[in-house]
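The values are calculated or read from the model by the stated rules, or taken from the named source; none is laboratory data. This one's a predicted model, so the numbers in the text were calculated from it and none came from an experiment. Don't worry about glycine lacking a Cβ; one is built from the backbone with ideal geometry, like all the others, and counts go over all protein chains shown.
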Amino acid sequence: MDASRRPNSFAGGRYDECMATITESLHVPCPYVRAKSYLHETLSEAAKNAPQPLQLTATLPVADVQLEKTVLVHYAKGTDPMHFDEPWNVTWEPRPGGVYPSFSGTLTVRADEDYTGSILELAGAYAPPLGVAGALFDKALGQKIASVTMGELLAKIAERMMERYEREEAAKASAP
């Protein structure tokens, strides 16, 4: 694979062709124009700070197994050649190491069907650790863990966005 097409988090290090791709989305009951602004403010502030440790918890439906892992999350403003969306590059690395994969993806916000809400979408890739054995584990369970983990991150971002939206709506309602 051409080095220019590799995800950023793997460009300088070990990269193997066995990449898993994944996309998760979350509906946010906040109008698109405001959601876009709130996402920008939330992630711009996070991008200025050092990588933020974030405890992401994945609860799997298989016997309600709960996995917890601390990851360092990085945010950086991305580019959209069409200048329609404001994508954000999102990467994370597990701490303190272990056999959990690093992730590299893009977060965008889009309008929902009637423009009264918005959709946060996180799409990216990771290399399952441990070669072929890791790829088999990923097919059986690892991708479910990744999906739940991505959902947890989207929920945390949406929570910050909704706090701002609800404050502004409450201020409008109480204004004379």
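Points worth noting:
- Filter result for LEU154 (over 11 Å from the mean Cα position of the chain (by Cα), assigned to a helix (DSSP H, G or I) and aliphatic (A, V, I, L, M)): no
- Selected residue (criterion: surrounded by the fewest Cβ atoms within 10 Å (Cβ to Cβ)) from residues of the range 111-142 that are in contact with a Phe, Trp or Tyr (Cβ under 7 Å, 6 or more places away or on another chain) and closer than 16 Å to HIS40 by Cα: ALA111
- Matching residues, the range 139-167, being within 23 Å of CYS30 (Cβ to Cβ) and without any contact (Cβ under 8 Å) to a residue 40 or more places away in the chain: GLU159, GLU163, GLU166, ARG167
- Any hit, the range 82-98, residues being loosely packed, with under 13 Cβ neighbours inside 10 Å, at pLDDT below 95 and touching a strand residue (DSSP E or B) at 6+ places or on another chain (Cβ under 7 Å): no
- Boolean, GLN55 is farther than 27 Å from GLU86 by Cα and either in a strand (DSSP E or B) or modelled with pLDDT of 75 or more (or both): no
- Single residue of the range 99-130 satisfying the filter (farther than 17 Å from GLN143 by Cα and without any contact (Cβ under 8 Å) to a residue 40 or more places away in the chain) that is farthest from the chain's Cα centre (by Cα): ASP114
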